[in-house]
Amino acid sequence: MQSPPPADNPHPPDELAQLPHGRHGLPPEFVDRNQRERLIVAFTRLVGEVGYSGATITAIIEGASVSSRTFYKFFETVEDCCVAAFEKAVEDLRPLLATAWEGEGEWPLRVRATIAVLLEDFAELPEVGRLLTVEPFVAGPRAATPHKAALEEMVPFLREGRELSTASETLPPTMERGLLGALNARVGRQLLAGEAASLPELLPDLTQFVLTPYLGPASAREAAFVQT
Amino acid sequence: MARLSDRDEYLEVIAREGYLPRDADRFAATWDSLEEAFLERLFEATVPFGNWRQRFRAAAMETARLVEAHRREARFLSVDALAAGELGRMRRARLGQRLARLLDSARDELDDSVVVPEATAGWVLGIFFDRIYRRCAAGTDPDLPSQVPELLFLAVSAYFGTRAGLEELARPLR
C-alpha cells in the first residue's frame, strides 16, 4: 500500500522517522535530509556502543535502515560520516553552552555553569559525549580537525579569565588550549570507562582545575564549590 | 633502554592496517614491552632528584624527548592504541594508574592546609595526553620539548598553585 502524498497527509513523517516505502510523494530535499540525519544518528549510536572502530558502513546502514547506495550518496567513508556527526553534535550543543554561559554574570560562575551543562548533557547522551571527546582521536587527523576547531571556539571565553588574574602578563599564550584539552581528556576517559552517569560529580574538581591558573587555588576552590 | 630502540615489526603493521582483533596478542606484547621501557626510562631520569618538582620536570622532559626520538612507538601508545577497543582501553588505564601514582606523590610535599582534588593526577595526565596525541597524530603541533614549560606550568599549578606554576615558565629548558 502506498502512503498518501503530502498534500493529502496533514502529518508528514518526523524528520528522523523511517520513510514510508514506495512512492510517498515527499519532497526530495526532505528525503535527503531525513536519510542523512538517520545515518548520522545511527553512526552516533554505534559510536556509543562499539566506538569508531566498530562503526562499519554495514552497521551504520543497518542502524539507519537505508541502503549502502544511500550511504555513499552522502558520505565517501565512515570518517566523512564521523565528521558530519561531530559537526551536528557541536551544532546541537552550542546553544546549550551559550545559554549556560549567559545565565551567569561573573566569569568563574559562567565557567562553572558551562562545564555543568556539558557534563549533564554527556551524562544523558553518553554516545554524543564519546563522539565529541574520544572518537576524533580514534578516527584520525581529518576528524581531529573539527575537534580542534571546536575547542578553539571556546578559547576566547576562557581567556576572559586573564582579566581577573594578577599574573595575566606571564600566563602562557596557549594555556587555554591546554586546559580545554585536559578537560576533554578527563571527560573522555570517564565516558570510555562506561561511567557517564557520574560525570556531573566531576563538576567541582574540573571547575577548580580550570579556574586555578587564573584565580589561584583558594579562590578557584571557593568558586568551584559554590552552592547555586 | 634497549627495548625502545629495537624495531618492533608490529608497530609498522598497526600503523599501516590499523588494529585488527586477530593481532590482540601482538598488540598486548608490544604495549607491555613499551610500557615497561617507558617507565624504566622515567625512573632513570628521575632517580637523581630529591623533590617532586625536580623529578616531575625531569620526567616531563624525558617524555617529550622520547616522543620526538621514538615517534613510531609514541604514536602506537597514544594514537594507534585508541582503536584497540577494550584491550587498548585496559592497557591505557593501567599505564594511567601507574603514572597517576607517581604524580600523586606530590601530595607528600603539600602543606596540610592545601586541598587538592583527588582527580588531580588524572587531570595532569590529560594535559600531557592531549599534547602528545596531537603531536603524534598530525605532527603539526610544535615539538614537544618546546611545550614542556607550559605543561609544567599547568601541572604544577594544579598541585602547588599558580605562583609555583609560573616559576616553571621562567626556568630555562635543559
Which residues, counting only those in region A:61-117, are charged (D, E, K, R), over 23 Å from A:Gln208 (Cα atoms) and not in a helix (DSSP H, G or I)? A:Glu76
Note on region B:89-123: residues within 13 Å of chain A (Cβ to nearest Cβ) and among the hydroxyl-bearing types (Ser, Thr, Tyr) are B:Ser113, B:Thr120
Region A:203-228: number of residues that are facing chain B (nearest Cβ under 7 Å) and under 14 Å from A:Ile115 (Cβ atoms): 4
Would you please name the residue that is surrounded by the most Cβ atoms within 10 Å (Cβ to Cβ), looking only at residues in region A:78-128 that are touching a Gly at 6+ places or on another chain (Cβ under 7 Å) and among the aromatic types (Phe, Trp, Tyr)? A:Phe122
Could you check region B:71-88 and list, in sequence order, the residues that are within 13 Å of another protein chain (Cβ to nearest Cβ), within 14 Å of the chain's Cα centre (by Cα) and of a type in the set (D, E, K, R)? B:Arg75
Among the candidates B:Ala83, B:Ala58, B:Ala93, residue that is touching a Ser or Thr at 6+ places or on another chain (Cβ under 7 Å), within 30 Å of A:Arg221 (Cα to Cα) and surrounded by fewer than 21 Cβ atoms within 10 Å (Cβ to Cβ): B:Ala58
Would a scan of region A:163-170 turn up a residue that is more than 8 Å from chain B (Cβ to nearest Cβ), modelled with pLDDT of 90 or more and within 24 Å of A:Glu120 (Cβ to Cβ)? no
Restricting attention to region B:138-174, the residues that are buried (at least 24 other Cβ atoms within 10 Å of the Cβ), over 17 Å from A:Ser168 (Cβ atoms) and aromatic (Phe, Trp, Tyr) number exactly 1
Checking the conditions here, which among A:Glu160, A:Glu153, A:Glu120, A:Glu176 is in a helix (DSSP H, G or I), of a type in the set (D, E, K, R) and in contact (Cβ under 8 Å) with a residue 60 or more places away in the chain? A:Glu120
Just a yes or no: is a residue in region A:25-48 exposed (fewer than 13 other Cβ atoms within 10 Å of the Cβ), more than 27 Å from A:Ala193 (Cα to Cα) and not acidic (Asp, Glu)? yes
Helices (runs of 4 or more DSSP H) completely within region B:89-172 that count 1 or more residues being within 20 Å of B:Val79 (Cβ to Cβ) and without any contact (Cβ under 8 Å) to a residue 24 or more places away in the chain: B:120-137
Give me a count of the residues in region A:191-228 that are under 21 Å from the mean Cα position of the chain (by Cα) and at pLDDT below 90. 3
Working only within region A:54-77, note down all residues that are within 14 Å of chain B (Cβ to nearest Cβ) and surrounded by fewer than 20 Cβ atoms within 10 Å (Cβ to Cβ). A:Gly54, A:Thr56, A:Thr77
Cβ-Cβ under 8 Å, sequence separation 6+ or interchain: first residue in region A:199-216 and at positive phi, partner in a helix (DSSP H, G or I) and at pLDDT below 95. Which pairs? A:Gly216/B:Thr162; A:Gly216/B:Arg163
Go through region B:124-148 and give me each residue that's at the interface with chain A (Cβ under 9 Å from one of its Cβ atoms) and closer than 22 Å to B:Asp104 by Cβ. B:Val124, B:Leu125, B:Gly126, B:Ile127, B:Phe128, B:Phe129, B:Asp130, B:Arg131
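The values are calculated or read from the model by the stated rules, or taken from the named source; none is laboratory data. Not measured: the values here are computed from a predicted model. Note: ideal-geometry Cβ built from the backbone for every residue, glycine included; neighbour counts use all protein chains shown.
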